[in-house]
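No lab work stands behind these numbers, since they all come straight from the coordinates. As the structure is a prediction and not an experimental result, all values here were calculated from the model. Heads up, the Cβs are rebuilt from the backbone with ideal geometry, glycines too, and the neighbour counts pull from every protein chain shown.
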Amino acid sequence: MVKVVSADLRAKIDIICREALKKATPSEAERQRTLKFTERLIEALRLELLRERLDADVQVEGSIAKDTWLAGEKDIDIFVLLPAEYDRDVFPKVLEAARRVSGGNCLEAYAEHPYLEAYLDGFTVDFVPCFRVKSTSEAKSSVDRTPFHTLYVKGKLNEQIKNEIRLLKAFMHGIGVYGAEIKVGGFSGYLCELLTLYYGSFLSVLEAASDWRKGEVIDIEGHYANPEDARRIFKGEPLIVIDPVDRGRNVASAVRVNRLHEFILASRLFLEKPDIRFFYPETLEAYSVDELLQAMDSRGSTFIFLKTGPIRAVPDILWGQLFRSQRALINLIEQFNFEVIRSDVWSDEKSTNIFLFEISSRFLPAVERHTGPPIEKIDDCRRFLEKHSASELILSGPMVNGDRLVVERRRRYTDITSLLRDKLSNGGRNIGVASLVSKAFLESLEVLVDEEIREFYVSNSDFALFLTRYLKGKPSWLL
């Protein structure tokens, strides 16, 4: 485990943490504005629910309820707690009431059950129906646990712990691992709170994380007799943090392997060489067009951009569909022997979505080798010979190579753009492209190669930063 041993280093860390905490803590004006806005929403929703003749409690959850949110955060979670004897068929009434409160500027989403995401006065507000249960053992879905999470954390907070939580959240935000939403795949606010409560301070979390190994188990309430019991239950998960209010849930289940190890490395590096940029990185400047083209050309690879128009969905649904489609497209590309060096996805979540595939070469030779069965497999050899002896695709063979039959055949696709245009002409559902992305491909697919992305790069500053960041590769916190 990394230890902070130098008094000078400790003093430097303290100075940086004080500076970071000052920026991370909402001002009194921001606190009052946020709390008053939240209370107005709650009261308006209560009135609408009364009009629907629903017996319901309305309360704020999450970091707003616990006073652990970061300055500038604009996410509000409002829960509608319904009697447990109600059925889910009452949820549409709740959402209709929330829709009236939001003025229609919202999208309906679905996790385990529907909720509403609204965009009001610069805030993103989730209106979530759930059931009012006496314990988590009675929960009908995961969101029924959330009020218990709020109560658990609030019962252990004081002003110092709130400060430590904000430091951890700001650090994770700065290095890009904060947020359990699918786009990020990182550490939720609740997870940050639990880690801080367990280890006692921001620095203690970093010191412990510096020594984490895959499959680390953190069990605050001691639900399991030993870590191996938890590992058997949550097999294969990179980080296991047992929910204090529900032993059957891993609070860290959303954390992807990359995000976990980015946090581990950043924790080590901050303790060795502290810098405010871990919390608040310097603003990245996008490449000029000439710098962009030079950076792309210097790699000697081919950049393929699949560009589509809008996909109307809340962010978690959108990014889930984008990532699922990305995996399907990588499988397709590699199936036809093109080498994917790296891939990424960009979306403005409104009008444009882009899949990026960096390929070692756009073109492949016309000939490819296809290896058949071992000579000792009599029936397999007979079928192989029958299939390939008279095929017009065969350029050479069948022939014996070592102990196997082989042929050299004409490759079906020598240009990756032909492959993608052909396989996506019907939307790509048959190769695993997700439904909403497939629809966008059918309506508006563009296949752009290398410098053909130039026009969009110039017109969209957010995409320009994305592509610059991709080409630079090095995280801002890797000083």
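Can you tell me how much longer the chain between GLU272 and LEU35 gets when fully stretched, taken as 0.36 nm per residue apart minus their C-alpha distance, in nm with one decimal?
81.5 nm
Sorted by packing (mean other beta-carbon atoms within 10 Å per residue), highest first, where do 444-452, 234-242 land?
So the order, starting with the most tightly packed, is 234-242, 444-452.
List, in order, the whole-Hz ³J(HN,Hα) value for each residue of region 21-27 obtained from phi through the Karplus relation with A = 6.51, B = -1.76, C = 1.60 and θ = phi - 60°; use x for Gly and Pro.
So the Karplus estimates, Gly and Pro as x, are 5, 4, 6, 7, 8, x, 5 Hz.
Normalised by the number of residues in the chain, what is the relative contact order in percent for Cα pairs under 8 Å and 6+ residues apart?
Relative contact order comes out at 13 percent.
Within 10 Å of each residue's Cβ, count the other Cβ atoms and sort ASP316, ASP8 from fewest upward.
Ordered by Cβ neighbours within 10 Å, fewest first: ASP8, ASP316.
Please list 3J(HN,Hα) in residue order for region 419-432, calculated via the Karplus relation 6.51 cos²θ - 1.76 cosθ + 1.60 where θ = phi - 60°; whole Hz, with x for glycine and proline.
4, 5, 5, 5, 6, 9, 5, 9, x, x, 4, 5, 9, x
Let me check against my output: what whole-number percent is the relative contact order of region 28-141, with C-alpha pairs under 8 Å and at least 6 apart?
About 25 percent, as a whole number.
Tell me, in nm to one decimal, what length is gained between GLU181 and GLU52 on full extension, where the rule is 0.36 nm per residue of separation less the Cα-Cα distance?
Extending this stretch completely gives an extra 43.3 nm.
Under a 5 Å amide H to amide H cut-off, with H placed in plane at 1.01 Å, what residues pair with ARG404 once short-range neighbours are removed?
HN-HN under 5 Å from ARG404: ILE375.
Assuming a ≥ b ≥ c are the square roots of the Cα gyration tensor eigenvalues, decide whether region 28-141 counts as rounded (a/c under 1.5), prolate (otherwise, with a/b larger than b/c) or oblate.
prolate
Specify which labelled value, from (1) 35, 29, 20; (2) 32, 29, 22; (3) 46, 29, 26, agrees with semi-axes √(5λ) of the Cα gyration tensor in Å derived from the coordinates of the model shown.
Identified label for the calculated read-out: (3).
Once fully extended, how much extra length lies between GLU282 and SER361, figured as 0.36 nm per residue of separation less the alpha-carbon to alpha-carbon distance?
In short, 25.0 nm is gained.
Quick check: net charge around LYS134, other residues with Cβ under 15 Å of its Cβ, Lys/Arg +1 and Asp/Glu -1?
-2
Output wanted: per-residue J couplings in Hz (rounded whole) for region 247-255, from phi through Karplus 6.51 cos²θ - 1.76 cosθ + 1.60, θ = phi - 60°, x for Gly and Pro.
Per residue, the Karplus-derived 3J(HN,Hα) values read 5, x, 10, 9, 5, 9, 5, 7, 6 Hz.
When a/c reaches 1.5 or more, the comparison of a/b and b/c decides; with that in mind, is region 367-410 rounded, prolate or oblate per its Cα gyration tensor?
oblate
Taking amide hydrogens as modeled 1.01 Å from N in the peptide plane, which residues meet the under 5 Å criterion relative to TYR115, leaving out close sequence neighbours?
ALA109, TYR110
May I ask for the angle, rounded to the nearest 10°, between helix 257-272 and the longest principal axis of the chain, with both axes built from Cα atoms and the value confined to 0 to 90°?
Helix 257-272 sits at roughly 60 degrees to that axis.
Taking 25 Å as the cut-off for C-alpha to C-alpha distance, list the pairs among LYS74/LYS273; LYS273/LYS472; LYS74/LYS134; LYS156/LYS273; LYS350/LYS439; LYS74/LYS472 that go past it.
Flagged as over cut-off: LYS74/LYS273; LYS74/LYS134; LYS156/LYS273; LYS74/LYS472.
To the nearest 0.05, how large is the calculated FRET efficiency for GLU19 and LEU465 if R₀ is 30 Å and r is the Cβ-Cβ distance?
E(calc), rounded to 0.05, equals 0.75.
Quick query: amide H of THR414 versus all other amide H atoms, modeled in the peptide plane; which residues come in under 5 Å with a sequence gap of 5 or more or a different chain?
For THR414, whose amide H was placed from the backbone, there are no distant partners under 5 Å.
What is the packing order of peptides 349-362, 393-406, taking the mean over residues of other C-beta atoms within 10 Å and listing the highest first?
The peptides rank, most packed first, as 349-362, 393-406.
So for the pair ARG454, LEU120, with labels modelled 7 Å out along Cα→Cβ, what separation do we get in nm?
It is 4.8 nm.
Report relative contact order for region 202-291 in percent, whole number only (criteria: Cα-Cα under 8 Å, sequence separation at least 6).
28
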